[in-house]
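Reading through the structure tokens given below for one structure.
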Amino acid sequence: MKCKHPTIIQGGMGIAVSNWNLAKTVSMTGQLGVISGTAINSVLVRRLQDGDLEGHVRRAMRAFPSQTIANRILETYFIEGGRQKNQTYKRSPLYSLESPLALQQLTVVACFVEVWLAKEGHDGVVGLNLLEKVQLPNLACLYGAMLADVDYVIMGAGIPREIPGALDLLSENKTASLKISVVGASEESLTYFHPHQVMEETELKPLKRPFFFPIVSSAVLAANLKKKSTGRVDGFIVEGPLAGGHNAPPRGPMKLTDQGEPIYGERDVVSLEDMKALELPFWMAGYYATPEKMAEVQSLGAHGIQVGTLFAFCDESGVALEHRERAIADILKKQAPDGSWIFTDPRSSPTGFPFKAAKLDWTVSQETLYAQRKRICDLGYLRHAYQKEDGSVGQRCPAEPVKDYVRKGGLEEDTVGRKCLCNALMADIGMGQIQAGGIAELPLLTAGDDLNNVARMLKPGKKSYGAKDVINYLQSPLAVTVKINDDNKFPSRPHNDRGEQNAEIF
């Protein structure tokens with residue numbers, strides 16, 4: 001008997017935009033709520049330092065299988081009543097190929113807490129979203145989520161061929177490993193996760209193996225993952241160049257529009273017929289967040305859609321309230337410039353992937369201020385590994401201080417235009433670091449062009465909306481029939497006839 005998967009998947013928007021509260025609300029409607037595992041250890045320690053005023057984090061930590069581990073984390077990071085607003089957050093350690101035991105335990109607990117809270121008090125399904133580009137925390141994140149009985153794992157920003165096999169091993173509490181990309185290395189490097197070592201004296205029981213949905217940008221990649229992954233692949237999320245956050249680069253040489261955005265062509269188009277031929281369920285992501293488009297892709301073989309931006313600005317979203325309110329106010333007061341609120345920046349992300357940024361009035365002013373920011377890399381999630389002259393492995397980030405990056409063997413031209421997404425995205429959720437001199441990190445809001453459709457979520461006289469309003473909208477009766485195109489392919493045009501797109505937040 002085949003599993004009855006939800007038709008709507010709430011996008012895994014990080015850092016903590018897709019928080020436990022949003023995922024829980026979506027899950028309780030019968031759809032798939034998804035929490036973001038990106039930087040989840042930093043999210044946990046900052047919530048604890050902000051006092052965990054409603055007690056949710058500590059309630060979940062009391063359910064963790066090892067109270068010895070949970071209590072050590074509380075003793076290290078929890079501040080009764082919360083830190084002073086101008087007080088610097090105590091940072092979590094940075095990951096390495098051999099991350100310290102305390103960091104692995106912190107990551108396991110953090111992911112457990114987020115999933116446990118999302119699943120608390122109902123029987124709906126909950127997913128975990130991770131990025132292949134952020135490799136080093138992933139095994140610990142997976143294990144923590146599985147301890148909390150996560151139902152789905154979704155992973156993009158790379159080719160997660162090894163994750164299915166890791167899920168199989170972790171479900172049996174066996175040691176799992178991942179290959180780590182190391183620039184300049186002639187031999188592959190591995191990072192390991194040892195459940196029995198990390199959990200110390202805790203008695204471990206077999207865990208449920210969650211469904212695994214990789215995010216793909218082509219049917220060829222989907223076929224490759226189905227055939228060559230280290231374990232079972234259960235379905236796919238199909239993202240094309242219209243999806244938000246991090247996009248796959250165009251196939252072939254990078255060419256830009258007059259506005260400086262990447263140009264995607266026929267090679268970047270995904271055929272729904274080819275996806276259907278793989279005989280696994282798939283969900284379309286980007287440009288599909290209307291009931292008409294969802295019905296159309298379902299008629300062509302898709303199981304449903306993944307939606308991000310409409311959820312990113314709802315009441316339950318992790319985006320800080322002040323940012324959501326200002327974004328909605330900007331959207332309501334005027335039309336989108338040039339038909340879109342979004343700029344696809346080919347340079348800003350240290351990953352090298354194109355990355356979408358919002359072009360609202362206040363975010364443009366933030367960009368001006370950001371240009372004056374002193375470079376610092378103190379979170380390190382988007383660093384990449386490289387081999388040093390002595391054969392050891394180091395890490396560097398194109399958004400770190402330029403002299404540091406060049407000293408580590410990086411090219412200066414790779415640093416041009418790069419932004420510290422780690423710190424900016426923490427600021428998006430109201431947890432920006434206070435750096436030296438009392439300078440607060442600035443937000444850098446990112447979303448998809450479905451910002452143009454946010455106003456549709458608002459009831460007359462209202463300036464906010466809930467996650468249930470999004471679900472109700474997507475499941476509302478169809479007004480018209482929308483054709484994707486004659487070839488049943490992923491749309492290749494950057495805008496439709498009203499200058500609108502759909503995409504997800506990173």
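Just so you know, all these numbers are worked out from the coordinates, no wet-lab data involved. It should be emphasised that the depicted structure is a prediction, and the values quoted were computed from it without experimental measurement. Virtual Cβ from ideal backbone geometry, glycine too; neighbours counted across all protein chains shown.
Observations on the structure shown:
- Antiparallel DSSP beta bridges within the stretch 101-241, percent to nearest 5: 30
- Among G156, I79, L272 - extreme Cα towards positive end, dipole of the chain, charges at beta-carbon: I79
- Contact order relative to length of the chain, as percent, for alpha carbon pairs under 8 angstrom and 6 or more apart: 18
- Highest-first arrangement of 89-101, 25-37, 404-416, where packing means the average Cβ count within 10 Å: 25-37, 89-101, 404-416
- Pairs spanning more than 19 Å between alpha-carbon atoms, out of K333/K419; K374/K403; K293/K459; K226/K293; K356/K408: K333/K419; K293/K459; K226/K293; K356/K408.
- The stretch 57-153: relative contact order in percent, alpha carbon pairs under 8 Å with at least 6 residues between: 30
- Peptide ranges 272-283, 439-450 listed from the most packed, as the mean C-beta count within 10 angstrom indicates: 439-450, 272-283
- A quarter of the convex hull surface defined by the alpha-carbon atoms of the stretch 173-295 gives 12.3 nm² as the mean projection.
- Antiparallel bridges, percent of DSSP beta bridges restricted to the chain (to nearest 5): 40
- Principal semi-axes of the equivalent ellipsoid, √(5λ) from the alpha carbon gyration tensor of the stretch 67-147, are 22, 19, 13 Å from largest down.
- Pairs of alpha carbons in the stretch 1-91 whose separation is greater than 17 Å (percent): 60
- Pairs of C-alpha atoms in the stretch 266-307 farther apart than 12 Å represent 56 percent of all such pairs.
- Between the beta carbons of E292 and K403, assuming R0 = 56 Å, the FRET efficiency works out to 0.60 to the nearest 0.05.
- Relative to the 2.2 N^0.38 Å rule of thumb, the chain has a C-alpha radius of gyration ratio of 0.92.
- When you restrict to C-alpha pairs under 8 Å that are six or more residues apart and normalise by the size of the stretch 360-446, the relative contact order lands at 24 percent.
- Cβ charges +1 (Lys, Arg) and -1 (Asp, Glu), total dipole of the chain, debye: 380
- Mean residue ellipticity (222 nm) of the chain, computed from DSSP H runs ≥ 4 via -39,500 (n - 2.57), nearest 500: -8500 deg cm²/dmol
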